[in-house]
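Worksheet: the structure to be examined is printed underneath.
The values are calculated or read from the model by the stated rules, or taken from the named source; none is laboratory data. Treat the numbers as computed from the prediction; the structure is a model and nothing was measured. Methodologically, a virtual Cβ is constructed for each residue, glycine included, from the backbone with ideal geometry; neighbour enumeration extends over all protein chains shown. Note: areas computed on protein heavy atoms with side chains; ligands, DNA, RNA excluded. Shrake-Rupley method; radii C 1.70, N 1.55, O 1.52, S 1.80 Å.
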Amino acid sequence: MTRIFFVAGESSGDTHGANLIRALRCAAPQVHCEGLGGVLMQEAGMVLRHDLAGQGIMGFTEVIKHFPAIRRLFLETVEHLRETRPDCLVLIDYPGFNIRLAKAAHALGIKVLYYISPQVWAWKKKRIHTLARYVDKMLVIFPFEEPLYKKVGLPCAYVGHPLLDHIATYSPPATLSEEPDTWVGLLPGSREQEIERLLLPMLDIARGMQKAHPEIRFITPCTNEKRAAQIRKLAGDFPLEIRIGGMYDVLSCARFCMVASGTATLETALFNTPMLIVYRISAASYWLARFLVHIKYIGIVNILADREVVPEFIQQDVSTKKILPKALALFEDTPEREKMLADFEAVRNILGDGGASKNAAEEILRLDF
C-alpha cells in the first residue's frame, strides 16, 4: 500500500489538499493518506494528525508568538516520519515550515514532492537552490514557475491552477443574481489588520460611487462572525451587506470590486469581474518589503500578464481622489471596462484548462516509490 504524508498550514492549502486527496483516492483507492492539514483534508480521507491549517499562524509576529508550539509540532512530525517511513511527503505551500521539513525528510531518504510553490520569483529567491537540493519534484500552479525550477535542475511540472477547478464547481445563489448590475464588492482582505487599514478608504470611495449612481448596493465577504462584527463597526450606518463565508457569492453578483492584494485578485478575474487593487500596510513593513520583494506588480493577474491589466493603488495612493474616477470608469460601460474583460480572458488562457488536482495526483502516482 502506498502511504503519503501531507502538510498544509493554511486554509487555502487545506482546500487544495482536500481536492488533491480526492483525486488521488479516485485514481488509486488503496493510497493511505495522513498528515498535518485541516478538516477539509480530513473529510477527503486523510488521517489528520494535527489541525495546522485551522490554526492560521501567518506573519512574523504570529510565528514568534507561537514558535514553541510550532517547533514542538515540527520535531514530533520529523520523529513520526522517521518511525513510519511514508513513501512520499507532499508539501503544500506554507514554506516557513515546509522547506525545513523537506530537509529533514530528504535526510531520512523519503521522497519529497512540493505542490504550490513558495513565491521564489517574488522574494527570498535563494530558496530555489534549497528546494533544488531537498525536493524530488515541484508541482507548480503558474506556468512561468516551471522554467525557473528546471533552470536549477529541479524536476518540475505545471499542473494548472486549482482555483479553475474550485470555481467551476460553484453555483451562485438566486437571491444575489436578480439584479447583477447594481452590486459592488468591497474585498478588504480576511485579516483584522487588513480590514482595519483598507475598509475605511474603500467605504469613502463607495460613498463617492453612490453619489454618482444611487442605485448601487455594496457587499463585503468575510471569513467569520468576528470579522463581520469588525466590518459592521467600521461601516457604521453605511448600507453594507455582509456575507460570512460568501466570497464567491460576492464575486458572482458584483459588477465591479475593490480588492486587497492576494489570491482574491485572481479569483475576481476568473469570475470576470472588473476590479482595482488597493493595498496598504504599516510604513515599516512597506519599507522592509521594498528591499525584500522584487516584482513589478503585486496583483497576480498583472504578474501573469506581465503588464498592468488591473490598476494597483498602494500605500499613499490609496485615496478617494485618485481611485474614485477609475472605479467609476470600471463600473460604467466604458472602453476601459471592456478592455479589462478582454484582458481577463487572456489571463485565463495563460492558466490553461484546469484539472490541477487530477494532474497533480497523476504526477505523484508516477513517482518511483
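Key figures
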| read-out | value |
| --- | --- |
| Answer from L186, L266, L276, L200 - the residue that is in a helix (DSSP H, G or I) and under 22 Å from V301 (Cα atoms) | L266 |
| Single match in V140, V152, V112 (criterion: open to solvent by less than 10 Å² (accessible area, probe 1.4 Å), touching a residue at least 12 places away in the same chain (Cβ under 8 Å) and over 22 Å from the mean Cα position of the chain (by Cα)) | V112 |
| Residue selected from region 1-33 under the condition open to solvent by 20 Å² or more (accessible area, probe 1.4 Å) and among the charged types (D, E, K, R), by the criterion farthest from E363 (Cα to Cα) | E10 |
| G262 vs. criteria within 23 Å of the chain's Cα centre (by Cα) and small (G, A, S) | yes |
| Some residue of region 306-316 being within 30 Å of R22 (Cβ to Cβ), within 21 Å of the chain's Cα centre (by Cα) and open to solvent by 30 Å² or more (accessible area, probe 1.4 Å) | no |
| In region 155-200, the residues that are open to solvent by 60 Å² or more (accessible area, probe 1.4 Å) and at pLDDT 95 or above | P155, Y158, L200 |
| Which numbered condition F238 fails, given (1) part of a helix (DSSP H, G or I); (2) touching a helix residue (DSSP H, G or I) at 6+ places or on another chain (Cβ under 7 Å); (3) at pLDDT 95 or above; (4) open to solvent by less than 70 Å² (accessible area, probe 1.4 Å) | (1) |
| Residue under evaluation V250, criteria (1) farther than 11 Å from V184 by Cβ; (2) open to solvent by less than 30 Å² (accessible area, probe 1.4 Å); (3) part of a helix (DSSP H, G or I), criterion not met | (1) |
| Filter result (modelled with pLDDT under 95 and either assigned to a helix (DSSP H, G or I) or not aromatic (F, W, Y) (or both)) within region 76-115 | D93, P95, G96, F97 |
| Flag if K296 is assigned to a loop (DSSP other than H, G, I, E, B) and modelled with pLDDT under 95 | yes |
| Region 116-137, subset hydroxyl-bearing (S, T, Y) and modelled with pLDDT of 95 or more, residue least open to solvent (accessible area, probe 1.4 Å) | T130 |
| Test set (1) modelled with pLDDT of 95 or more; (2) farther than 16 Å from V90 by Cα - L48 fails condition number | (2) |
| Filtered residues of region 66-102 (kept if of a type in the set (D, E) and within 27 Å of the chain's Cα centre (by Cα)) | D93 |
| Residues located in region 201-235, provided they are free of Cβ contacts under 8 Å to residues at least 24 places away in the same chain, open to solvent by 70 Å² or more (accessible area, probe 1.4 Å) and not basic (K, R) | P214, E225 |
| Criterion: modelled with pLDDT under 95, open to solvent by less than 80 Å² (accessible area, probe 1.4 Å) and aliphatic (A, V, I, L, M) - qualifying residue of A269, A264, A342 | A264 |
